[in-house]
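Read-outs throughout are calculated quantities, based only on the coordinates presented, and are distinct from any laboratory measurement. The shown structure was predicted, so the numbers you read here are calculated from the model rather than taken from an experiment. Please note: Cβ atoms are built from the backbone with ideal geometry, for glycine as well, and neighbour counts cover all protein chains shown.
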Amino acid sequence: MKELVVVSGKGGVGKTTVSASLAYLLGQRGLRLAVADADVDTPSLHLVLGLELTSSEESFLSRKAHIDGNRCTGCGKCISTCPYGALKEGPDGKPRLSWFACEGCGACKLVCPEEAISIRSAKTGELIIGRTRYGQPMATAQLEIGEHNSGLLVSQVRIKAHEAAVLEGAELVLVDGAPGIGCPVISSLVGADGALVVIEPTPESLRGAMRVLEVAEHFGLRAASVLNKADISDFGPRAIEALEEAGAPVLAEIPYDRAVVDALAEERPVAELYPASRAGKALLELSEAVEAFFLS
Amino acid sequence: MAFRIAVAGGKGGVGKTTVAINLAVALAGRGWPVLLVDADVDNPNDHVNLGIEPRDISDIFLFAPRIDEEACAMCGICAQNCPENALLARPGKPPVFFEDRCSGCRICQLVCPNEAVKEGSKAIGRLFSGERGSLKLVGAELRPGEARSPLVVRALMEHVRALLSDERLSIVVVDCPPGLGNTTVRAMMGSDIVLLITEPTPLGLSTLKLSTRALEKLGLKGFVVVNRADISGRGLEAIKAFLAEEELDLLAEIPYDEEAVRASVRGAPLVEVAPSSKAGRALLGLADAVDAMARSAGPRSPKA
């Protein structure tokens with residue numbers, strides 16, 4: 001079984017559009033696959049692939065300090081110790097916790113002479129398991145607002161997708177990644193086989209692609225890329241050259257096409273709804289190239 | 001106190017950077033001393049779009065333990081207490097340190113009975129700055145392979161606080177990262193208003209709903225900007241229906257405009273190179289609205 005992660009560095013270049021159509025097209029060709037949405041901050045793949053919910057569970061992977069105001073004497077040791085600046089002195093001289101700054105490391109608890117501090121689990125997010133309207137098992141999640149540990153939640157999403165994939169004898173786990181190159185992206189790339197980098201023909205998208213390629217290479221993934229909205233500028237050829245040089249050959253060029261927006265408005269993969277559109281045809285070509293590049 | 005505007009929106013690629021740089025340039029053009037903060041530390045691009053060559057200010061360091069092997073009693077207490085399992089105890093030997101896992105919490109240093117954990121550090125990113133007329137840019141960049149974007153934003157916002165205390169900057173525009181996790185929340189906190197940028201698609205609407213919930217939770221005041229507003233009539237209607245329900249103000253509708261793409265490829269802000277283009281006019285209209293808000297915020301104005 002292979003695992004392919006769709007990433008981009010820069011957001012909004014078309015990861016979900018590409019992932020949804022790939023899932024649909026590969027499935028149509030008889031490939032067994034499971035899908036996962038690793039953009040746990042703002043998941044959206046389920047909107048396009050449809051999700052019939054099988055189960056959901058709350059995920060408590062985070063830790064936060066809890067201060068017992070009755071025991072606390074206001075000595076301030078925790079405030080000066082907290083490595084993240086999450087504790088500030090309140091009007092009563094006792095520490096106040098900034099929820100979003102606390103990483104739950106427990107340094108405050110260690111130094112508190114009154115045993116007034118405990119470290120408690122906190123909700124990281126919701127883990128959601130189901131099936132796409134095309135029958136493929138799917139795992140997704142919703143991170144709590146402002147939460148750390150998106151990477152841990154991404155790991156859980158991947159584990160759930162893998163479990164489902166093994167049960168169904170799937171050959172591929174297709175992961176729609178998060179934008180950026182930080183925690184959730186690293187967590188989606190570690191141990192995966194391939195990275196498909198989506199870019200649009202702008203310098204900032206190319207910069208993002210180069211940064212995420214650096215991370216993918218660091219973790220030993222095989223990489224390829226796809227140029228989306230290929231004709232919105234004349235920057236395409238320069239981007240293609242740079243990507244080829246960086247070891248991520250461009251498998252297809254998808255033109256800017258109203259059909260993509262129209263399909264999105266219908267909450268369907270463009271490859272399903274408008275297969276004869278220019279974007280639809282390019283996505284078909286991409287799906288064949290992805291199969292040849294990553295799965296053969 | 002400077003008037004602080006966060007440009008956010010949850011979903012990636014909806015136009016946060018386009019809005020942030022054009023707003024900053026337009027306001028600077030009206031005489032406001034503007035600080036633009038590029039807090040999209042995973043992928044900072046404001047300088048690229050402004051055609052600025054940034055200068056490095058400093059690296060951003062995180063504490064990392066350095067084990068003094070002479071002093072180490074090989075007791076393993078540091079490894080037992082490390083919340084990230086970044087230290088591995090070995091019988092009869094000093095612990096092995098896995099730098100990748102370390103979060104810099106210093107617990108190893110706190111618990112070591114022999115003061116064998118000395119100060120070390122690792123760079124997780126860097127701070128940079130640049131100028132463009134009366135516009136000042138500061139930003140930070142996460143080092144590829146590092147995971148701790150929130151701590152890079154923390155360092156950036158501390159730098160911004162220091163800048164604001166000794167420079168007369170009246171307007172701060174923060175270009176936030178995508179998502180609604182810790183990194184984004186840190187970039188938004190302390191803002192007077194948050195511009196939520198969205199696009200008229202189900203993905204845009206879904207993320208706008210999440211962003212609205214986030215602002216409620218954080219007690220921040222949001223205004224909505226729909227980018228590429230004309231790509232889907234149905235999508236725009238759906239967003240407007242949601243805004244009416246939530247009593248949220250729509251501050252601007254920016255049409256899809258290839259001029260915007262060209263400006264981005266050239267590394268020049270649209271409000272300067274094509275102010276009379278469709279998107280350019282909408283962005284200038286947005287700057288008018290924000291200008292008025294900054295003025296009515298009173299004592300923050302530059303002359304006060």
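Our note on the geometry: Cα centres of segment A:66-124 and segment B:148-214, 26 Å apart.
Considering only DSSP states other than H, G, I, E and B, which trypsin sites (Lys or Arg not before Pro) in segment B:111-171 qualify as loop sites with at most 14 other Cβ atoms within 10 Å? Please list the in-between numbers first.
Numbers: sites: B:K118, B:K122, B:R126, B:R132, B:K136, B:R148, B:R154, B:R161, B:R168; in loops: B:R148, B:R168.
Passing both the DSSP loop test and the Cβ count: B:R168.
Can you tell me the FRET efficiency between B:A244 and B:K278 if r is taken as the Cβ-Cβ distance and R0 is 22 Å, rounded to the nearest 0.05? It would help to have the intermediate numbers written out before the result.
Working: r = 25 Å, r/R0 = 1.14.
FRET efficiency, B:A244 to B:K278: 0.30.
Charge dipole (Cα centre; +1 on Lys/Arg Cβ, -1 on Asp/Glu Cβ; no other charges) of the protein assembly as shown amounts to roughly 1180 debye. For segment A:62-122, the residue among A:C108, A:L87, A:A122 whose Cα projects farthest onto the positive side of the dipole built from Cβ charges is A:A122. Taking a ≥ b ≥ c as the square roots of the Cα gyration tensor eigenvalues, segment B:177-304 comes out oblate, since a/c reaches at least 1.5 and a/b does not exceed b/c. The C-alpha atoms of chain B define a longest principal axis, and helix B:202-218 lies at about 70 degrees to it. Under the shape rule built on the C-alpha gyration tensor, where the axes satisfy a ≥ b ≥ c, segment B:114-207 is oblate, since a/c reaches at least 1.5 while a/b does not exceed b/c. Rounded to the nearest 0.05, what FRET efficiency is calculated for A:S56 and A:D193 with R0 set to 25 Å and r the Cβ-Cβ distance? Here the calculated transfer efficiency is 0.35. Each of B:I107, B:V117, B:G51 was scored by the projection of its Cα onto the charge dipole of segment B:50-180, and the greatest displacement toward the positive side belongs to B:I107; charges sit on the C-beta of Lys, Arg, Asp and Glu. At q = 0.20 Å⁻¹, what log₁₀ I(q)/I(0) does a Debye calculation on the Cα points of segment A:62-122 give, no solvent, two decimals? The Cα Debye sum returns log10 ratios of -0.63.
Report summary: the helix-based calculation at 222 nm, which adds -39500 (n - 2.57) for every DSSP H run with n ≥ 4 and divides by the residues of chain B, gives -11500 deg cm²/dmol.
Simple rule: put +1 on each Lys or Arg Cβ and -1 on each Asp or Glu Cβ in the protein assembly as shown, find the dipole, and look at B:T212, A:F294, B:P255; the Cα lying farthest toward the positive end is B:T212. What pairs from A:K160/B:K209; A:K2/B:K122; A:K15/A:K281; A:K160/B:K16; A:K64/B:K136; A:K77/B:K221 go past 28 Å between their alpha carbons? In this structure, A:K2/B:K122; A:K160/B:K16; A:K64/B:K136; A:K77/B:K221 lie more than 28 Å apart at Cα.
Against the main long axis of the alpha-carbon atoms of chain A, helix A:203-218 sits at an angle near 70°. Roughly what angle does helix A:236-245 make with the longest principal axis of chain A, taking Cα atoms, 0 to 90 degrees, to the nearest 10? So the inclination is approximately 70 degrees.
Between A:R133 and A:A276, the simple label model (points 7 Å from Cα in the Cβ direction) yields a spacing of 2.1 nm. The charge dipole of segment A:1-70, taken about the Cα centre with unit charges on the Cβ atoms of Lys, Arg (+1) and Asp, Glu (-1), comes to about 400 debye, rounded to the nearest 20. Cys residues of chain B that find no other Cys beta carbon under 4.7 Å: B:C72, B:C75, B:C82, B:C102, B:C112, B:C176. Its Cα centre serving as origin, segment A:62-122 has a Cβ charge dipole (Lys and Arg +1, Asp and Glu -1) of approximately 140 debye.
Binning the C-alpha pair distances of the protein assembly as shown at 20 Å intervals from 0 yields a P(r) profile of 20, 54, 25, 2 %, listed from the shortest bin outward. Which GluC sites (Glu not before Pro) does segment B:118-203 hold that lie in a coil by DSSP with at most 15 other beta carbons within 10 Å? Sparse-neighbourhood loop GluC sites (Glu not before Pro): B:E167.
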